[in-house]
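Asker: Mind having a look at this structure? Questions to follow.
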Amino acid sequence: MATAAAASLFRHFPFLFFLGSRGFSRIATQIAAVAVGWQIYEMTDSAFQLGMVGLVQFLPIAILVFIAGAAADRYDRRRVLQVCQTIEGVVALFLAWGTYAGWITVPQIFVAMALLGIVTAFENPATAALLPNAAPQHMLQQATAVATAATQVAIIGGPAIGGITYGISPSVPYAIMAVLWAVSVIFSGMIDVERTVIEKEPPTLSVLFAGARFVRNNPAILGTISLDLFAVLLGGAVALLPIYARDILQIGPLGLGLLRTAPAIGSLAMTAVLARYAIKSGAGMKMFQAVIVFGFATVVFAVSQTMWLSLIALIVMGAADTVSVVMRFSLVQLATPDEMRGRVGAVNFLFINASNQLGQFESGVTAALMGTVPAAVLGGVGTVLVAFLWMKLFPSLLKVERLD
């Protein structure tokens with residue numbers, strides 16, 4: 001039955017077109033991360049300038065995310081995606097042309113990345129809100145798992161494509177990005193959904209922040225989103241991988257690449273399982289259990305002195321995190337009215353970005369103060385404690401049985 005259900009998901013054309021749109025766009029984004037990073041560092045030889053690439057992309061997201069969420073609810077989400085992906089493709093062409101001709105400057109690259117950050121702020125809430133419309137209603141959990149797997153494939157394959165093609169010529173990865181975003185525009189336009197855009201409300205502050213109020217007034221959703229925020233915030237050992245690779249495990253750059261790939265391998269394996277076998281009962285408890293497993297695996301990685309044990313711990317971390325991600329997304333989408341999915345998705349998107357950015361910062365600060373291993377151990381233990389504390393604070397989340 002599970003195999004038949006998974007097969008029926010891949011015969012549902014709106015979901016396949018959604019998957020193509022999302023997948024190609026994500027690959028292009030991952031190529032950009034590698035190509036721009038290499039180019040900026042080659043042009044400036046400055047770690048500070050390299051760090052600024054992330055900052056100029058994150059700030060527009062933080063500023064515009066609530067407006068973007070409202071746009072995803074106010075307008076046709078497919079058209080929002082097409083506009084965003086068209087702009088992304090134009091930016092990629094600008095980078096390709098400027099790099100090939102040799103006239104592009106660092107400030108121009110920063111402006112281009114800031115524009116991509118603005119567009120991403122609008123694209124991600126629209127994408128998240130569109131998934132429940134594109135997937136069969138009874139298969140959202142499996143669809144979420146497959147979409148998560150596509151993202152992990154992009155995370156693995158995108159940087160490899162970016163690195164290899166940059167070696168051929170620095171302009172080539174940008175040209176490939178433009179093609180990928182053009183294909184995404186086509187797929188986005190082919191997503192056939194029955195959602196009717198609701199009557200447009202006046203664009204007031206109350207409407208703009210309705211998603212934040214909805215999350216605050218729904219304990220299960222608030223508990224789900226905040227659990228992920230604090231778990232990732234405390235369990236950010238991945239940010240310390242370069243230190244582990246060079247100073248603790250002494251495995252060099254190649255070993256670092258293997259360590260970075262390991263969580264994605266665990267995630268892909270788990271998404272394959274979840275795509276075929278949906279969680280039918282005890283969903284809330286299983287989500288807490290996944291966070292606890294993530295915390296314990298973080299502790300194992302923190303104290304490991306051998307390459308193989310570190311890889312196993314990271315694979316388990318990736319698998320456990322995927323269970324939490326799939327269940328969180330399914331729960332939030334199913335508990336949210338369609339006319340508010342964009343704004344609630346924007347809140348979720350903001351929490352995810354904050355947890356990733358602040359988690360890296362927290363790991364770096366604690367490692368500087370306490371040492372790398374104690375900091376990673378503390379983060380893993382803190383993640384486990386947060387899971388137990390959230391069980392007490394959000395009993396309604398613990399009692400969630402099904403995700404359909």
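Asker: Could you tell me whether any residue of the stretch 133-153 is surrounded by fewer than 21 Cβ atoms within 10 Å (Cβ to Cβ) and outside any helix (DSSP H, G or I)?
Answerer: So far as the stretch 133-153 goes, yes, one or more of its residues are surrounded by fewer than 21 Cβ atoms within 10 Å (Cβ to Cβ) and outside any helix (DSSP H, G or I).
Asker: From the list V90, V83, exactly one residue is assigned by TED's automatic domain parsing to the domain that holds L131, part of a helix (DSSP H, G or I) and farther than 28 Å from A212 by Cα. Which is it?
Answerer: On the way: V83 fails: farther than 28 Å from A212 by Cα.
After applying the criteria, what remains is V90.
Asker: On the given criteria, is L249 touching a Phe, Trp or Tyr at 6+ places or on another chain (Cβ under 6 Å), in the same structural domain as L385 (by TED's automatic domain parsing) and modelled with pLDDT of 75 or more?
Answerer: On the way: touching a Phe, Trp or Tyr at 6+ places or on another chain (Cβ under 6 Å): no; in the same structural domain as L385 (by TED's automatic domain parsing): yes; modelled with pLDDT of 75 or more: yes.
No, not satisfied.
Asker: Further, regarding this structure: Pick from the stretch 302-328 the residues that are over 17 Å from G282 (Cα atoms) and small (G, A, S): which of them is surrounded by the fewest Cβ atoms within 10 Å (Cβ to Cβ)?
Answerer: The qualifying residue surrounded by the fewest Cβ atoms within 10 Å (Cβ to Cβ) is S304.
Results for (1) modelled with pLDDT of 75 or more; (2) exposed (fewer than 14 other Cβ atoms within 10 Å of the Cβ); (3) under 20 Å from the mean Cα position of the chain (by Cα), shown as yes or no for each residue.
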residue	(1), (2), (3)
I164	yes, yes, no
V172	yes, no, no
I176	yes, no, no
P203	no, yes, no
S206	no, yes, no
L222	yes, no, yes
I225	yes, no, yes
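Asker: Here is a follow-up. Being in contact (Cβ under 8 Å) with a residue 60 or more places away in the chain and not in a helix (DSSP H, G or I): is that true of P170 here?
Answerer: Values: in contact (Cβ under 8 Å) with a residue 60 or more places away in the chain: yes; not in a helix (DSSP H, G or I): yes.
Answer is yes for this residue.
Asker: Hey, among I109, I63, I104, which residue is part of a helix (DSSP H, G or I) and crowded, with 17+ Cβ neighbours inside 10 Å?
Answerer: Numbers: I63 fails: crowded, with 17+ Cβ neighbours inside 10 Å; I104 fails: part of a helix (DSSP H, G or I).
Answer to the check: I109.
Asker: Of the numbered conditions (1) in contact (Cβ under 8 Å) with a residue 60 or more places away in the chain; (2) closer than 23 Å to R79 by Cβ; (3) surrounded by fewer than 20 Cβ atoms within 10 Å (Cβ to Cβ); (4) not small (G, A, S), L130 satisfies every one except a single condition; which is it?
Answerer: It fails just one condition, (3).
Asker: Please go through the stretch 25-44 and give me each residue that is surrounded by fewer than 24 Cβ atoms within 10 Å (Cβ to Cβ) and not aliphatic (A, V, I, L, M), ordered by number.
Answerer: Within the stretch 25-44, R26, T29, Q30, G37, W38, Q39, Y41, E42, T44 qualify.
Asker: Please verify whether the stretch 184-194 includes one or more residues that are farther than 26 Å from T306 by Cβ, over 20 Å from the mean Cα position of the chain (by Cα) and modelled with pLDDT under 70.
Answerer: Checked against the condition, which is being farther than 26 Å from T306 by Cβ, over 20 Å from the mean Cα position of the chain (by Cα) and modelled with pLDDT under 70, the stretch 184-194 yields at least one hit.
The values are calculated or read from the model by the stated rules, or taken from the named source; none is laboratory data. What you see is a predicted model, and the numbers here were worked out from it, not measured in a lab. FYI the Cβ positions are ideal-geometry reconstructions off the backbone, even for glycines, and counts take in every protein chain you see.
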